[in-house]
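Novice: Mind having a look at this structure? Questions to follow.
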Amino acid sequence: MSERVVTFVTGNANKLREAQQILARANVPWKLESRSVDVPEIQGTTQEVAIAKCSAAARAIGGPCLTEDTALCFRALGGLPGPYIKHFLGNVGVHGLHKLLAGFEDKSATALCTFAFCSGPDAEPILFEGTCEGKIVAPRGETDFGWDPVIEIDGTGKTFSPK
């Protein structure tokens, strides 16, 4: 029996490497390959966005796929930027993310990672979510990987960013 290939829809080599390492530790009998696929970006909740993206990707590649979306949800802003964090980061930068909460007492935030798996073009995606609670702080550490330097993880005194 040949190994099943699942396409991880990402152009990010670091995300692919991390996912391959996780699946290898879990002894999952899949070969994970990456492919960058243009899919429409819809507006909605993190779950709605993940389902639409994974469904569109499965149709585009004609087979099973895995997608990943991250969100950064500020409690004071009712969950925004949420799934739109990439656009917020691109427009205001990592320092601007911190400044968005300057007028608010509540600096709490949730980092949310949503993986969606779709077994084929006509299948309904299955969602897997993980969260990490923290607070928004002035950027600390390396600022070359997204919003990692602005969220301090509860109870650690550290951001996601190394150093």
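Novice: Of the residues Pro121, Pro149, Pro139, which is surrounded by 14 or more Cβ atoms within 10 Å (Cβ to Cβ) and in contact (Cβ under 8 Å) with a residue 60 or more places away in the chain?
Specialist: When all the criteria are applied, what remains is Pro121.
Novice: If you don't mind, another one. Go through the stretch 124-142 and give me each residue that's closer than 22 Å to Gly155 by Cβ and part of a loop (DSSP other than H, G, I, E, B).
Specialist: Once the filter is applied, which keeps residues that are closer than 22 Å to Gly155 by Cβ and part of a loop (DSSP other than H, G, I, E, B), the stretch 124-142 yields Val137, Ala138, Pro139, Arg140, Gly141, Glu142.
Novice: Ile151 passes all but one of (1) under 18 Å from the mean Cα position of the chain (by Cα); (2) under 30 Å from Ala60 (Cβ atoms); which number fails?
Specialist: Here Ile151 meets the rest and fails (2).
Novice: At least 3 residues that are surrounded by 19 or more Cβ atoms within 10 Å (Cβ to Cβ) and at pLDDT 90 or above in each: list the strands (runs of 3 or more DSSP E) lying fully within the stretch 1-82 that qualify.
Specialist: So the answer is 4-9, 65-74.
Novice: List the pairs whose first member sits in the stretch 26-51 and is in contact (Cβ under 8 Å) with a residue 12 or more places away in the chain and closer than 20 Å to Thr7 by Cα, whose second member is among the basic types (Lys, Arg) and surrounded by 14 or more Cβ atoms within 10 Å (Cβ to Cβ), and whose Cβ atoms are under 7 Å apart, counting only residues at least 6 apart or on separate chains?
Specialist: Sorted first by the residue in the stretch 26-51, then by its partner, the pairs are Val39/Lys53.
Novice: While we're looking at this one, here's another question. I'd like to verify a number: residues in the stretch 75-106 that are farther than 21 Å from Glu41 by Cα and of a type in the set (A, V, I, L, M, F, W, C), how many?
Specialist: Here the count works out to 8.
The values are calculated or read from the model by the stated rules, or taken from the named source; none is laboratory data. Since this is a predicted model, take the numbers as computed values, not measurements. Heads up, the Cβs are rebuilt from the backbone with ideal geometry, glycines too, and the neighbour counts pull from every protein chain shown.
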